[in-house]
Amino acid sequence: MPPVATPLLSPDLFDLPPEVLWLSHCKDGLLPRASAEALRALLGTELRPWELQWNEDFLDVQRALREVGATLLGVDARDISLVTCTSSGLEAVALGYPWQHGDEVLIPVGEFPSNRLPWLALASKGVSCTEVALWDGHAAQPAAVPDASIEPEQRLLAAITPSTRVIAVSWVRYQDGIRLDLEKLGRGCRERGVHLVVDGIQGAGTMATSFDGVSAFATGGHKGLLGLQGQGLLWTDHAFRQQLIPLGTWLSAPDHFSQGGTQTVSDALWADDGRRLEAGSPSILSCAALASSIRLLVESGGAAALQSHITGLQRALLAALAKHPAWAAEARRLDALVQAGRVGSTLSFALPAERCAELLRNAEARGISTSTREGYLRIALHGWHAAGDIDRCVAWLLS
Ligand SMILES: Cc1ncc(COP(=O)(O)O)c(C=O)c1O
């Protein structure tokens, strides 16, 4: 497979010195310069509140973020709620769902705490949370390393019991990088009358999916979406959203709050759209930055184009590594996973701990930023990477 010669997002869009190779958006995305500018422009209204225009500088900023977020995700903007992060989006569902004593939630083994603790916290309501191994040996210590033969969606669907109400999964897993097929899982959940709730942060901005069969999808904005910490998006299916306790207050009325202090008298206390799950004033600076970042992703061709660019880079990196005996087996395992559509934007290399530590030290000396989680060395690729970065990465890994 030929390496992808040119980046989809120009590196000039970022404050990225040539000596830095940022392979860590699975930890923290790069904020584009344009988003820093959008933020600076709005900062003026904090310094000089007498200049603030209620519609342009407040309501329209939020509306623009819902709209551009919806465009990138391929959904209706009316189903988007602005939330602070992945956790708060998942908590809106976990705390708002009409649970009955004895209900059950299924989550995979090894979820990030954002998609684990909110479900475990439901024990006080008599709701149990069962952790399901997604492949043979997954629940062992240390967990078995996944290969392309795994069928995690099947494992989850097979674990459904008559008490199961929700399956909550990471779209892309933070440590081993495995991407679940949300379409397959969503179909299976719908057939069984179970809600599928998704922690989308490791896939949003770099991968594409349909939301058919999904009930809720939460993502923070500070990784692949390239925004700031403290601003995320929650998408909910319309009918599912009506079952949740609304979190919304003054900005969530059926009509926008009027600064005159009156709200339209209406039978409905909360808006029907995603605003019903929004809790009061958002961080408007973070909203503006995230909207600007997502706009760049949309303008670069959107999620499908970014996914295809990243997949091309991953295959080029793995093809180069496969030629070297020390890397061949791991490169073949990961390439089979990439070809099976089983990974997100992060290639997670399973390596002995000492080797990981040594590579991290070498990376730092070469201006390469990467990370490790649970025995995996994570190399996260995005739209600003191109063939030259892959060459640099190969030289580092072979050092
Ligand atoms: C899978 C996953 N979920 C959630 C988060 C972060 O959650 P939040 O947006 O609530 O900070 C991370 C961060 O590393 C993650 O990897």
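For the reader, a short list of remarks on this structure follows.
- The stretch 86-99 residues that are among the polar types (S, T, N, Q), paired with ones that are assigned to a helix (DSSP H, G or I) and surrounded by fewer than 24 Cβ atoms within 10 Å (Cβ to Cβ) (beta carbon under 6 Å, 6 or more apart): THR86/SER114; SER87/SER114
- In the stretch 153-174, the residue that is nearest to the ligand (Cβ to nearest atom) out of those that are within 12 Å of LEU196 (Cα to Cα) and hydroxyl-bearing (Ser, Thr, Tyr) is SER170.
- In the set (1) more than 16 Å from the ligand (Cβ to nearest atom); (2) under 21 Å from the mean Cα position of the chain (by Cα); (3) over 30 Å from TRP396 (Cα atoms), the condition left unmet by GLU46 is number (2).
- The stretch 214-229: number of residues that are more than 9 Å from the ligand (Cβ to nearest atom) and either assigned to a strand (DSSP E or B) or surrounded by fewer than 24 Cβ atoms within 10 Å (Cβ to Cβ) (or both): 3
- Residue among ALA144, ALA94, ALA121 that is in contact with a Phe, Trp or Tyr (Cβ under 7 Å, 6 or more places away or on another chain), within 16 Å of the ligand (Cβ to nearest atom) and of a type in the set (Gly, Ala, Ser): ALA94
- Residue match in the stretch 30-40 (condition: assigned to a helix (DSSP H, G or I), among the polar types (S, T, N, Q) and either over 30 Å from ALA363 (Cα atoms) or within 16 Å of the ligand (Cβ to nearest atom) (or both)): no
- Restricting the stretch 1-32 to residues that are surrounded by fewer than 17 Cβ atoms within 10 Å (Cβ to Cβ) and either within 18 Å of CYS287 (Cβ to Cβ) or among the hydroxyl-bearing types (Ser, Thr, Tyr) (or both), the residue that is modelled with the highest pLDDT is SER10.
- Residue count, the stretch 146-187 (criterion: of a type in the set (A, V, I, L, M, F, W, C) and either under 18 Å from the mean Cα position of the chain (by Cα) or not assigned by TED's automatic domain parsing to the domain that holds THR209 (or both)): 9
- Per-region count, the stretch 301-343, residues out of contact with any helix residue (DSSP H, G or I) (no Cβ under 7 Å at 6 or more places or on another chain) and not hydrophobic (A, V, I, L, M, F, W, C): 13
- Looking across the stretch 93-142, the residues that are outside any loop (DSSP other than H, G, I, E, B), of a type in the set (A, V, I, L, M, F, W, C) and either in contact with a strand residue (DSSP E or B) (Cβ under 6 Å, 6 or more places away or on another chain) or surrounded by fewer than 17 Cβ atoms within 10 Å (Cβ to Cβ) (or both) come down to VAL93, LEU95, VAL105, LEU106, ILE107, LEU117, TRP119, LEU120, ALA121, ALA123, CYS129, VAL132.
- Filter pass, ALA363 being more than 18 Å from LEU30 (Cα to Cα) and either β-branched (Val, Ile, Thr) or touching a Ser or Thr at 6+ places or on another chain (Cβ under 8 Å) (or both): yes
- Looking across the stretch 186-213, the residues that are within 16 Å of the ligand (Cβ to nearest atom) and in a loop (DSSP other than H, G, I, E, B) come down to GLY200, ILE201, GLN202, GLY203, ALA204, GLY205, THR206, MET207, THR209.
The values are calculated or read from the model by the stated rules, or taken from the named source; none is laboratory data. Quick caveat, the model's predicted, so the values are computed rather than measured. FYI the Cβ positions are ideal-geometry reconstructions off the backbone, even for glycines, and counts take in every protein chain you see.
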